[in-house]
């Protein structure tokens, strides 16, 4: 539900219309993120600002564009890679990155469709495959399908929150999908070394049960050094099931657990609007609501 593009600054700073469109098109909440070329975030921001500065916009407009670039870098910019020093032109650098990372397409100033390069000014006539990305998809309610549905987002995450009031580490139908999620997190490009679980106590699920389940059933399956923190929240503060990262968030309509019986209902996976993601992320970052100290385990 996320695709990654290398975007040529020359393509979106050719005029104000293209610049405005760029800020609308490339956001994680739209399902499109940008590869950092150059690879460090601060260098990427500086390079984009230099191109915008060359447009000679009025000071107020220029500042607003700089702010939007910084916002994009915080939520929708994905880490790049070291680029060989002999590649001077941006398009050469983008082609190298595409070969190495499998970037979905290069958005630039000329179209070379067989090689995955598209003219930003002519996307109406030639656009990358699956350019318009669904906000909601339905997937089979099994561990692999659940994790595959957001695998790109997980592979790009620094940290991930899993919110499910019914999560139980001793129950296979919760544990199997969770381990699939962790495998995609830890094997990603960053890679991620930490995840957070938020759940609620039930009549048959005490804190001791959660501790025992994490120690016996989850910790042995974690990658070495991977930290997992479980926080208990009041049940009346939880309902929907979410997976949240700093870039994007998803709600899982029928839960984060498997349903292996024949005829099980598929799960609707919905990519959240950025305002909704931020609201949920802030909510669950508030430790004042947490009940007691979290349980922390680390893979060995």
Next item on the list: May I ask you to sort 198, 120 by Cβ crowding, counting other Cβ atoms within 10 Å and putting the fewest first?
Entry: 120, 198
Notebook entry, point to check: Which one of 89, 154, 201 has the biggest mean-square fluctuation once the chain is modelled by GNM with Cα springs under 10 Å?
Noted result: 89
Next item on the list: Give me the Kirkwood hydrodynamic radius of the range 136-298, using the inverse of the mean 1/r over all pairs of distinct Cα atoms, in Å to one decimal.
Entry: 15.7
Check: Taking the Cβ-Cβ separation of residue 158 and residue 112 as r and a Förster radius of 45 Å, what is the calculated FRET efficiency to the nearest 0.05?
Finding: 0.85
Next item on the list: Compute the length gained on full extension between residue 20 and residue 254: take 0.36 nm times their separation in residues and subtract their Cα-Cα distance, giving the result in nm to one decimal.
Entry: 80.5 nm
Notebook entry, point to check: If you find the alpha carbon centre of the range 210-286 and of the range 128-148, how far apart are they in angstrom?
Noted result: 17
Checklist line | Gaussian network model of the chain, Cα within-10 Å springs - most flexible of 16, 244, 230 | finding: 16
Next item on the list: List the extent of the Cα atoms of the range 247-300 along each of their three principal axes, largest first, rounded to whole Å.
Entry: 41, 34, 24
Next item on the list: Would you calculate the volume per residue, in Å³, of the smallest convex hull containing every Cα atom of the chain?
Entry: 148
Checklist line | Efficiency of FRET from Cβ geometry, residue 53 and residue 82, R₀ 35 Å, rounded to 0.05 | finding: 0.85
Check: Label points 7 Å out from Cα along the Cβ direction at residue 208 and residue 239: separation in nm?
Finding: 3.3
Checklist line | Model label zone, residue 67; criterion: amide N under 13 Å from point 7 Å along Cα-to-beta-carbon; scope the range 18-39 | finding: none
Notebook entry, point to check: Taking only DSSP H segments of four or more residues, each worth -39500 (n - 2.57), what value at 222 nm results for the chain once the sum is divided by all its residues, to the nearest 500 deg cm²/dmol?
Noted result: -10000 deg cm²/dmol
Checklist line | Fraction of beta bridges assigned by DSSP in the chain that are antiparallel (%, nearest 5) | finding: 50
Item checked: Rg/Rh (Cα only; Kirkwood hydrodynamic radius) as it applies to the range 3-122 -> 0.94
Check: Can you tell which of 269, 60, 34 shows the greatest fluctuation in a Gaussian network model of the chain with Cα springs below 10 Å?
Finding: 60
Note to self: Taking 0.36 nm per residue of sequence separation and subtracting the Cα-Cα distance, how much length would be gained by fully extending the chain between residue 287 and residue 190, in nm to one decimal?
What the structure shows: 32.3 nm
Note to self: Suppose the chain between residue 215 and residue 40 were pulled fully straight at 0.36 nm per residue; how much longer would it get relative to their current alpha carbon spacing?
What the structure shows: 59.2 nm
Item checked: Nearest-ten-degree value, helix 274-285 long axis tilted from longest Cα axis of the chain -> 40
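Where a number appears in this text, it was derived from the coordinates with a stated rule and is not lab data. It should be emphasised that the depicted structure is a prediction, and the values quoted were computed from it without experimental measurement. We place every Cβ from the backbone using ideal geometry, glycine too, and count neighbours over all the protein chains shown.
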